[in-house]
Every structure is written in C-alpha cells, then in structure tokens.
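S.K.: The structure under discussion is supplied below as structure tokens; questions concerning it will follow.
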Amino acid sequence: MHSVEVFTDGSRLRWVEVPGISPARVYLHGLGASSAPYYAEAIAHPALAGHRSLLVDLLGFGISDRPVDASYSLDMHADVLARALGLIGVHQADVVAHSLGGAVATILATRHPELVRRLVLIDAPLDPAPGLPTVKRPGSSGIGVYRTEEEFLDHGWDETLKFVGPHWAATMRQAGPQALYRTAMSLLRGTAPTVRQHLEALPHPRTVLYPAADGPRPGSDRLAAAGVTVVAVPDCGHNIMLDNVDGFATAVRAALHGSGA
C-alpha cells in the first residue's frame, strides 16, 4: 500500500502498487468500489502483467481517506488524482477506468493532459442523467432518489447497502457516506461541457469498452467520428473486468498496444 497527502486537512489518497516496466498504468474504480478487489485478477493476466500498475482508490472511497468537507465533484476527484500523480512523479500514464472512474479519467485528461498517455474507459457514463431519478436502481440513480444529503445520511445509506447486495456492499461500506452521495449527485448532474464532449475533444488515444449484451452503445458513431475506438466485450455485464477477465485483459492490451506499450 502507498499513500500521499492530497487534501487541505491532511487526508491521503492510497493505492496498491504492483512494480513493473513503464509507462505506468493507473486503474480507477467505479462508484462505491475499490480498485484492488476489482482489478487484481485482471492485472495478473498474461496480457496485462509486467507493467507498473497503480490500483488507486479515489478520495472518499476504499482505502483512501474520507474527509467530510470535500466537494467530491468529478472535477475535484480529477484534480486530487492529478495532485497525487504529480507528487509521486507519474506522468504520461495509461489510465484504465471503470464507470465513475471513466468520467474522472476523462476530466483528468482534459484538465491535466500531460499526466495521461492513453485512456481506456470501461462502460463509463458519458452523459448527465436526463433528470434526477425517481426509481431506485443500482448505481448513482439508487442514491439520487434521496433528494438531500441529510435524507441519505439519515436512512438512505443503510437502505442502499442493503439494496446493492453483499458483493457491492463489501466495498461500498468502505466509502464515506458524504463522499458516496456527493459523488453520485455530481455524476448524475454531469459537467459542462459534458464528459462525452470532453472525451471527443481529447487528443489522446481513447478506447471505450462496453458489454456486448447491451447491444449497440448509443452515440458510438459520434465517438468513432471523434477518433474514439469503441469495443464490445462479450460474456459480461457492467463489471467487465470481473465477468470476463480474459476478454477484458485482451481488449485492454489491444487498446494500449503501441509505442512503449
């Protein structure tokens, strides 16, 4: 485990690091998750093994600290991650990022382009929600049904842990409740420009992975026109790296293949 101080109150961002050759690979988790449990098997796959790999937990999640005064906006997550990478001297990293992490990675590449070499987004939300959800579902919509943070802290936190089931709750319960709520609401409200618009404008090599079972991904033509490679991965759901380790590792290896990869 490694850590670096990133926030005004002394809070630290933490990650599990596997040594290897450069360029470094930075792995980011989704909402209420933690990078090490989600990526451990995949980074040991022969297609991905051998590179320096940082399995980072965003501020407020997993093994990182959970300051209650942080905004936990997508921009804040990107800037805190940038601060950490700068302090430890990681530049031109390949960033592999799941769901929420994909949105954060896109903002990171936009605001701090020198830190990112390539982007691989795993079923990441690229657009804001059309409105605040009214029906509780897995993900940010299951948190956004609570209209205020006070309501979420009062009973929504316990209800959400029960709702998501034991697998997801195993990592979600490590999150700070304030971090979980504020991050989910930032994800639902999106950014201006949107994450999709940021992604389309980036000069970096970019790949989006999504579950083939979901059918054609909306907006794929638009992404392709902007130079983004869109790849359907078979035999998986949203958690591609867990559901189909071989397919995930092979797709990521192909996305990162190139000079120095």
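S.K.: Check which residues have an amide H placed less than 5 Å from Leu28's amide H, if you skip close sequence neighbours.
M.R.: Result for Leu28 returns Val96, Ala97, His98.
S.K.: Starting from the amide H of Arg52, placed 1.01 Å from N in the peptide plane, find each other amide H under 5 Å away whose residue is 5 or more places distant or on another chain.
M.R.: Gly20, Ile21, Ser22, Arg25
S.K.: Find which of Val104, Leu121, Thr148 sits farthest along the positive direction of the dipole of region 80-176, computed with +1 on the beta-carbon of Lys and Arg, -1 on that of Asp and Glu, about the Cα centre.
M.R.: Leu121
S.K.: From the Cα gyration tensor of region 1-129, with a ≥ b ≥ c the square roots of its eigenvalues, which class applies: rounded if a/c is under 1.5, or else prolate if a/b is larger than b/c, or else oblate?
M.R.: Verdict is rounded for region 1-129.
S.K.: With contacts defined as alpha carbon pairs under 8 Å and 6 or more residues apart, what's the relative contact order of the chain in percent?
M.R.: 21
S.K.: Moving on to the next point. Compute the distance in nm between two label points, each set 7 Å from the Cα along the Cα-to-Cβ direction, one at Thr229 and one at Met1.
M.R.: In this crude label model, Thr229 to Met1 measures out at 3.6 nm.
S.K.: Ratio of Rg to Rh for the chain, alpha carbon only, Kirkwood?
M.R.: That ratio equals 0.93.
S.K.: Please calculate how many Å² of accessible area the chain carries per residue, with a 1.4 Å probe and no DNA, RNA or ligand atoms counted.
M.R.: Computed with neighbouring chains in place, this is 40 Å² per residue.
S.K.: If you don't mind, there's one more thing I want to ask. I want the local charge near Asp221. Using Cβ-Cβ distances under 14 Å, sum +1 for each Lys or Arg and -1 for each Asp or Glu among the other residues.
M.R.: +2
S.K.: Suppose the Debye formula is applied to equal point scatterers at every Cα of region 162-261; what is log10 I(q)/I(0) at q = 0.16 Å⁻¹?
M.R.: The Debye formula, applied to the Cα set alone, gives -0.97.
S.K.: Let me ask something additional. Normalised by the number of residues in region 1-135, what is the relative contact order in percent for Cα pairs under 8 Å and 6+ residues apart?
M.R.: Relative CO of region 1-135 lands at 25 percent.
S.K.: Report the calculated FRET efficiency for Arg137 and Ala170 (r = Cβ-Cβ distance, R0 = 25 Å), to the nearest 0.05.
M.R.: According to the calculation, E is roughly 0.80.
S.K.: Just add up the charged neighbours of Val6: K/R +1, D/E -1, any other residue whose Cβ is under 12 Å from the Cβ of Val6.
M.R.: -2
S.K.: So, one more: Can you work out ³J(HN,Hα) from phi for every residue in region 58-69, in order, using Karplus 6.51 cos²θ - 1.76 cosθ + 1.60 and θ = phi - 60°, giving whole Hz and x for Gly and Pro?
M.R.: Those phi angles translate into 4, 4, x, 10, x, 8, 7, 6, 10, x, 7, 8 Hz.
S.K.: Let me ask you something else. Where does the chain land at 222 nm, in deg cm²/dmol rounded to the nearest 500, when only DSSP H runs of n ≥ 4 count, each adding -39500 (n - 2.57), divided by all residues?
M.R.: The helix-only estimate for the chain comes to -11000 deg cm²/dmol at 222 nm.
S.K.: Continuing with the same structure: Tell me, what is the percent relative contact order of region 67-199, built from C-alpha pairs under 8 Å that lie six or more residues apart?
M.R.: Reported relative contact order: 30 percent.
S.K.: Here is a follow-up. Which FRET efficiency, nearest 0.05, do Glu149 and Asp127 yield, Cβ-Cβ r, R0 30 Å?
M.R.: The calculated FRET efficiency here is 0.80.
S.K.: Something else now. Considering only protein heavy atoms and a probe of 1.4 Å, how much of the accessible area of region 150-192 is carbon and sulfur, as a whole percent? Each step should come with its number before you reach the end.
M.R.: Values: 1130 of 2130 Å².
The nonpolar share, carbon plus sulfur, comes to 53 percent.
S.K.: Can I ask one more? Magnitude of the Cβ-charge dipole of the chain, K/R +1 and D/E -1, about the Cα centre, nearest 20 debye?
M.R.: Result for the chain is approximately 440 debye, rounded to the nearest 20.
The values are calculated or read from the model by the stated rules, or taken from the named source; none is laboratory data. Keep in mind it's a predicted model, so treat the numbers as computed, not measured. Here Cβ is always computed from backbone atoms with ideal geometry, including for glycine, and neighbour counts include all displayed protein chains. Accessible surface is based on the protein model in full, side chains and every heavy atom, while ligands, DNA and RNA are left aside. Shrake-Rupley method; radii C 1.70, N 1.55, O 1.52, S 1.80 Å.
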